[in-house]
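Working notes for the structure below.
The values are calculated or read from the model by the stated rules, or taken from the named source; none is laboratory data. Remember, it's a predicted structure, so these values are computed and weren't measured experimentally. Note that each Cβ is placed from the backbone with ideal geometry, even for glycine, and that neighbours are counted across all protein chains shown. Quick note on the areas: whole protein, heavy atoms, side chains included, nothing else; ligands and nucleic acids left out. Shrake-Rupley method; radii C 1.70, N 1.55, O 1.52, S 1.80 Å.
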Amino acid sequence: MKNKFTFLLFIILFFCNSQFNLFHFIPKERFEYSKIEVSETLVIGKLLNSQQGGVFADGGFTGIFFPDANLSSRFSAGKKSYIKYLNNERPKKYYYWAYKSQIGGQAILYSVFDKIFGLDNKVNILIFRVLNSLSLSLLLTLILFWIKSFDYSL
């Protein structure tokens, strides 16, 4: 019983910290910035691209969705795409820069979720963030308990 409680406690603590920055390990302004403009840009691009085409459009890769003819900056295109996604807009696709260094299985899963349930995009983002935080929390807790299971006596 004690192990189950400890396991659940660690999942909750890890979840609260990764979802809400509960212990302020990351400065608040950096935490908000990284959520919106760094980590999620490629996934948002994939979601917009999937809305225009299919889940496996452009090879299913995550990437930057360019919602206007300005192809000079991937950063600004990612930011514009993010805003359009949150506002439930379906912008015209001018170009899609696929990030081919990884397949982006998570984004494919989210695209399928988006197509099946058709929820508001703000709700989708919230659900995706909760799923990410919960998955990370479970994984970190499992690693912690796995390390604890070793016998360190020599």
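Among residues other than residue 68 whose Cβ falls under 11 Å from its Cβ, what is the net charge (Lys/Arg +1, Asp/Glu -1)?
Value of the local net charge: +4.
Let me spell out the model: positive unit charges on the Cβ of Lys and Arg, negative unit charges on the Cβ of Asp and Glu, origin at the Cα centre of the chain. What dipole size does that give, in debye rounded to 20?
Charge dipole of the chain: 80 debye, to the nearest 20.
For 40, 32, give the ranking by accessible area with the largest first, probe 1.4 Å.
Descending accessible area places them as 32, 40.
Would you compute, for the Cα atoms of segment 5-91, the largest minus smallest coordinate along each principal axis and list the three values in descending order, in whole Å?
Sorted from largest, the Cα extents of segment 5-91 read 51, 28, 21 Å.
On alpha carbon coordinates alone, what is the Rg over Rh value for segment 100-154, Rh being the Kirkwood radius?
Rg/Rh for segment 100-154 comes to 1.23.
Could you tell me the distance between the Cα centroids of segment 1-72 and segment 110-128, to the nearest Å?
Their Cα centres are 13 Å away from one another.
Defining a contact as two alpha carbons under 8 Å apart and six or more residues distant in sequence, what relative contact order in percent does the chain show?
Answer for the chain is 29 percent.
For the chain, what D do you get in µm² per second when you plug the Kirkwood radius from alpha-carbon pairs into Stokes-Einstein at 20 °C and 1.002 mPa s? Write down the numbers at each step before the final one.
Details: Rh = 17.2 Å.
Using the Kirkwood radius from Cα pairs, D works out to 125 µm²/s.
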